[in-house]
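A short worksheet on the structure shown next.
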Amino acid sequence: MVASHLNNGTVTAGVVMVGRAKRKIRWLLLPAACLSAGAANAQTLPSVFGLQLGAPVTLPECRHMEGVPAGSNGVPAYEMEQPVTCVQQPYELGWAALRQGTVVFTREQTPELSAANMIGVYFSKDSDKVIAIEAATPGYEGAAYIIAQLTAKFGKPTSADEDRRIVSRVSVLAKHVVWKRSGFTVDYQSVASSVRAGELLVSTDEYDRLASAGDAANAAKRTPL
């Protein structure tokens with residue numbers, strides 16, 4: 001079995017077996033031009049899907065949909081199909097001091113480990129540096145392959161758990177694997193909202209701190225028992 005590797009700056013391609021079906025690897029990283037080499041703290045953080053944690057996204061903004069007003073959050077309406085890989089304007093989240101944007105890939109550049117042609121990118125409210133990257137992944141049947149790819153890039157997992165779940169009346173073995181590294185964490189769950197999609201979050205310590213603070217603030221507002 002030949003597999004592609006997520007090593008920064010290097011991609012090898014081949015054929016892998018997922019279930020019983022052969023498929024060609026399309027793990028494509030974005031050109032180095034979309035990365036910013038200026039951020040000092042980014043030197044110890046990884047790139048994921050061609051985006052450098054700790055550095056700004058320098059992709060062009062996605063093409064607007066003509067004649068359609070912006071949404072209530074001020075974000076413009078964007079065309080569904082984009083001619084180049086691009087980024088949508090981030091908006092502020094209500095539950096934490098974070099902003100979320102979206103990177104939209106062309107069909108040809110869509111990462112193989114992403115279940116869609118778009119991924120979420122997170123920023124703090126006062127900085128344009130990426131502090132987290134989130135993607136929906138293919139379903140639980142591809143979990144072993146996804147874990148192998150993440151292990152090839154990030155090394156041995158810090159923790160790996162699995163449990164049997166009933167999702168949409170289907171019993172599946174859900175896997176939760178975490179790589180805790182200096183300055184960032186990789187969190188992969190093979191089953192998220194459905195058996196057809198998992199979730200991958202690569203977050204910096206700053207994102208984890210802001211998200212935890214937001215969760216705590218929201219919990220404090222809830223009515224106690």
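The values are calculated or read from the model by the stated rules, or taken from the named source; none is laboratory data. Every value quoted in this text rests on a predicted model; they were computed, and no experiment measured them. Using ideal geometry, Cβ is built from the backbone for each residue, glycine included, and neighbour counts are taken over all protein chains shown.
A few comments on the model shown:
Yes/no per residue for (1) within 16 Å of the chain's Cα centre (by Cα); (2) part of a strand (DSSP E or B); (3) not acidic (Asp, Glu):
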residue	(1), (2), (3)
122	yes, yes, yes
145	no, no, yes
162	no, yes, no
165	no, yes, yes
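- Qualifying positions in the stretch 192-216 - assigned to a helix (DSSP H, G or I) and either of a type in the set (Phe, Trp, Tyr) or touching a residue at least 24 places away in the same chain (Cβ under 8 Å) (or both): 206, 207, 210, 211, 213, 214, 215
- Any hit, the stretch 80-87, residues being of a type outside the set (A, V, I, L, M, F, W, C), without any contact (Cβ under 8 Å) to a residue 40 or more places away in the chain and surrounded by 14 or more Cβ atoms within 10 Å (Cβ to Cβ): yes
- Test: residue in the stretch 77-86 that is within 15 Å of the chain's Cα centre (by Cα), aliphatic (A, V, I, L, M) and at pLDDT 90 or above: no
- The set of residues from the stretch 124-143 being small (Gly, Ala, Ser) and part of a strand (DSSP E or B) comprises 124, 132, 135, 136.
- Only one of 92, 108, 134 that is under 16 Å from residue 189 (Cα atoms) and either surrounded by fewer than 19 Cβ atoms within 10 Å (Cβ to Cβ) or free of Cβ contacts under 8 Å to residues at least 60 places away in the same chain (or both): 134
- Test: residue in the stretch 148-167 that is over 19 Å from residue 44 (Cβ atoms) and among the basic types (Lys, Arg): yes
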